[in-house]
Each structure stands twice: as C-alpha cells, then as structure tokens.
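This report concerns only the one structure given below.
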Amino acid sequence: MLAGLSPDITHLHFPYPIGEISQLLLNRGRTVITYHSDVVRGSQQLILRLYRPLMRLVLRRAARIVVTSPNYIVSSPHLRRMADRCVVVPLGVDLRRFQPESVVRPTGLLRNHQSSVISRQPSTFNNQQIAIGNLQSKISNQQSILFLGRLRYYKGLDTLIHAMQEINARLILGGDGPMRAEWEALAQRIGVADRVTFVGELPEAELAAFYHSGDLFVLPASARSEAFGTVLLEAMASGLACVTTELGTGTSYVVQDGVTGLVVPPHSSRALADAINRLLADDELRTRMSQAGLARAKREFALEKMVEKVEAVYRWARANLVNEYETNKRMQVAAAETR
C-alpha cells in the first residue's frame, strides 16, 4: 500500500514486525514510532532474540520515539540507549464520556450513592445484564471495588482475589479473557466467591456507568506487559481513587502515590489489601484522592492534549526533514560548483 506513496512521515506502532519491515523497504520520509511495550513474556524470549536486530535498526532510524510515560524510558533496556530521541506523549481519554451528567446506568450495576445520577435506559446487556441485576440486593449496603480489563496473565487478579480474604467489600470484575475460568475457580477455592463477581464483557456505551458504580478502582498488574493502564485514566476521569502496582511502567506515572491513589508492589496480596482497606476506611482521604485524580486527568490526560502533542512531534519531524533536504541540496550545489 505504501509503495505508491511518498509520505513525509510514517507513524509506526511498535512492536509490529510487518510494519517495521515495510518501512525499512520503503525508506522514505521520516519515521515516528510509538513504543507501546517491550517484549517481556518469558515464552517470547526466543522470538525476541530473532527480532532484536530488526528492532534496533528501526529504532535507530526513527526521528522520534513516542513513549507513553517517562517511567518506561528509564525501565526499558531498549529505550534507555535512545533516550535522546524519545518524547513522552501520554495516552488520553475523552473526559466528557465519564462525567456524571452523561452516565446511563444499567440496572443493578451500582450502589445508590446520594450524589449519583441514576437514569435508566434500555441496556445492551444480555446474560451479563441478568447476572448484574441479581447482585442489586447483595451490594446495596456494601462498598464496591472495581476492576476493568482483559483477563490476561499480567493483570494480577490472582493477587487481588487473594487480597479479598482480608477485605470486607464486594469486588466487581469487568471484562473477559483466557484467565477467567482459572480466577473464578480460585475465588471459589479460597472462599471469597460470594463477594467476587465476574460480569463479563461490558458494552462500550456502559463503561462510564460501570466506573460510576464503585467506590474504588484497582489495577493490580503483575508484569510490564501492562505498559500504561488506560483504565486508570478512565477511572480517574470518573472521580475514583485508584490502587495500582509499581512496575516501572505507566501505572505509577498515571497514579501518583499518595496523591491520586496508592501504589504497591506487585504480587503482594497483603500490601494490596492494606492499601484498599486504608482507602475504604477513610472517606475523607478517598474523596481527596478522587478529586486530585480527576484534576490530574483533566490537566494531563485529556484526549485533546494527546492530539496536540502528537501533532507537535509531526511538525518537528517534518521540519527536520525539510532542513535535511535543504542541507543536502546546498551540498550538491556546492559540489557541482567545484567541478
């Protein structure tokens, strides 16, 4: 597709070997790369050894490497060597989607907070709508902890489920994935299944309702595959204090420890339970952190700010390309005059 084009700038999302090979073959204009994640999983290390030469070549040729947090530049062995060409552009969210006045709440998803805006419209839920509806009587007098995301190994939900043994609250898990059956079995095995509910995949239109149904949001990620944590932005934009883990990635950049939430070591159910219990027990602290999180989301992570920063990267790369073209042209003219 690119063969018939002469782009000034090509923007690659990394890692993506097919795109990287295509750009090397095209070799036109300037390349901007958004570096999403290292290849970190143990089973992928053989692939990484084969992929590493291509990766290094593409990164060296990039005019700019866009990284979603400063933490990742420091912690990535690949980016540390190229920090001079890295620029931080955090991911952004449409803040308007998560404002209370725009929320359409599915029946039974949430406790009836006094400040809640509760307006029921027909839901797109099917089986999970029934499951959520059946919870209403159970959760009406309990605080609720929320998680949302793909149920993959690096989400750390085993740690959170173990932590629930020390927490008197309800855990609502939104999302689906390959680890669901294993984690449901874990909740049954350790005796917390009556307070841990898997609601499955949520319709996009009802994500805001989900966030506004809880008292606290938790992302207990366990591996650097969780490179940023967009759900943390969405939770903060919804006015929730957050608990997450320190991975050297964007999770502890999005959530400022002690300001917008609490950051704990990964794999520690005790540390996670202590942080969650601290926030659930202290309404004033939780409110202060939720307000700080909302302010930070508006200040740093609005979608418009992300677009502005990406456009600035494009302008820089374009100007750099023009300057190089003009320099090469002057050198060619000078060389011709000396003949």
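Give me the percent of Cα-Cα pairs in the stretch 254-297 that sit more than 12 Å apart, rounded to a whole number.
On the way: 568 of 946 pairs.
Everything past 12 Å amounts to 60 percent.
Would you mind calculating the gained length between Asp282 and Arg152 on full extension (0.36 nm times residue separation, minus the Cα-Cα distance), in nm to one decimal?
Working: separation 130, 0.36 × 130 = 46.80 nm, distance 3.12 nm.
Full-extension gain reported as 43.7 nm.
Check which residues have an amide H placed less than 5 Å from Val66's amide H, if you skip close sequence neighbours.
Amide H neighbours of Val66: Ile33, Thr34, Tyr35, Val87.
Tell me which residues come under 5 Å, amide H to amide H, from Leu202 once H is placed; ignore anything under 5 positions away on its chain.
Excluding prolines and chain starts, which carry no amide H, the hits are Gly175.
Looking at the calculated P(r) for the stretch 171-310, what percent of the C-alpha pair distances fall above 21 Å? Walk me through the numbers on the way to the answer.
Details: 4399 of 9730 pairs.
The calculated P(r) of the stretch 171-310 puts 45 percent of pairs beyond 21 Å.
Taking the alpha-carbon distance from Lys298 and a cut-off under 14 Å, which aspartates and glutamates remain once sequence neighbours fewer than 8 residues away in the same chain are dropped?
Asp94, Glu234
Can you sort Ile9, Ile190 from fewest to most other Cβ atoms within 10 Å of each residue's own Cβ?
Working: Ile9 18, Ile190 13.
Ranked by crowding around the Cβ, least crowded first: Ile190, Ile9.
For a quick check: with amide H placed at 1.01 Å from N, whose amide H comes under 5 Å from Thr245's, ignoring anything fewer than 5 positions away on the same chain?
Residues meeting the criterion, in which the H sits 1.01 Å from N, are Ala221, Val264.
Excluding Thr249 itself, what net charge comes from residues whose Cβ is under 12 Å from its Cβ, given Lys and Arg +1 and Asp and Glu -1?
Working: positive: Arg224; negative: Asp38, Glu226, Glu246.
So the environment of Thr249 carries a net charge of -2.
Per residue of the stretch 50-64, in order, report the coupling 6.51 cos²θ - 1.76 cosθ + 1.60 (Karplus, θ = phi - 60°) as ³J(HN,Hα) in whole Hz, putting x for Gly and Pro.
Taking θ as phi minus 60°, the curve returns 6, 7, 4, x, 5, 4, 5, 4, 5, 5, 5, 7, 6, 6, 9 Hz for the stretch 50-64.
Would you kindly derive the ³J(HN,Hα) couplings of the stretch 299-307 from the backbone phi angles with the Karplus curve 6.51 cos²θ - 1.76 cosθ + 1.60 (θ = phi - 60°), listing them in order in whole Hz, with x for Gly and Pro?
7, 10, 10, 5, 4, 4, 5, 4, 4
Going by how many other beta carbons lie within 10 Å of each one, how would you line up Ser225, Ser69, Ser238, fewest first? Before the final figure, lay out each step's value.
Values: Ser225 19, Ser69 22, Ser238 28.
So the ranking, lowest neighbour count to highest, is Ser225, Ser69, Ser238.
Once you put a point 7 Å from the Cα of Asn168 and another 7 Å from the Cα of Glu182, both along the Cβ direction, what distance in nm separates them?
That separation, rounded to one decimal, is 3.3 nm.
Every number in this text was worked out from the coordinates using simple rules, so none of it is lab data. Note that the structure is a prediction, hence the values are computed from the model and not measured. Cβ: placed from backbone, ideal geometry, glycine included. Neighbour counts: every protein chain shown.
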